[in-house]
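Single-structure report; data block below.
The values are calculated or read from the model by the stated rules, or taken from the named source; none is laboratory data. Predicted model, so just to flag it, every value in this text is computed and none were measured. Protein only, heavy atoms only, side chains kept; ligands, DNA and RNA dropped before computing areas. Shrake-Rupley method; radii C 1.70, N 1.55, O 1.52, S 1.80 Å.
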Amino acid sequence: MPPDRVRARRLELGEHIRAAREHANLTQEAVSLRTGVRIATISDIELGHRAALIDTLFRIADAIGVPLADLVREERPPLPREAQGPPDLPAPGPP
């Protein structure tokens, strides 16, 4: 069983896939037919119950018609200031 943070990220990925699929007016069956991936597998990925292989994610993104980055983009809150590292330094050269 993966750690909670991994399961949460799987669920977020699944939500992105489902939202993109629904936005494209596609059913899981249509995505299955376009990808060759079983409907049960697509359902499990959307529900966060299954880890998806990168090749499967490529196929799903192509079938839905979205960039893979749109599916895997994480929506995390910004890090606290102290965790961001040193502040940006001014560019070298005359002011």
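What number comes out for accessible area per residue over segment 5-60 if the probe is 1.4 Å? Units Å², please. Write out the running numbers ahead of the final one.
Details: 3450 Å² over 56 residues.
It amounts to 62 Å² per residue over segment 5-60.
Using heavy-atom solvent-accessible surface (probe 1.4 Å) with all chains present, what is the largest-first order of Val37, Val66? Mind dumping the intermediate values first?
Numbers: Val37 15, Val66 35 Å².
The most accessible residue leads, giving Val66, Val37.
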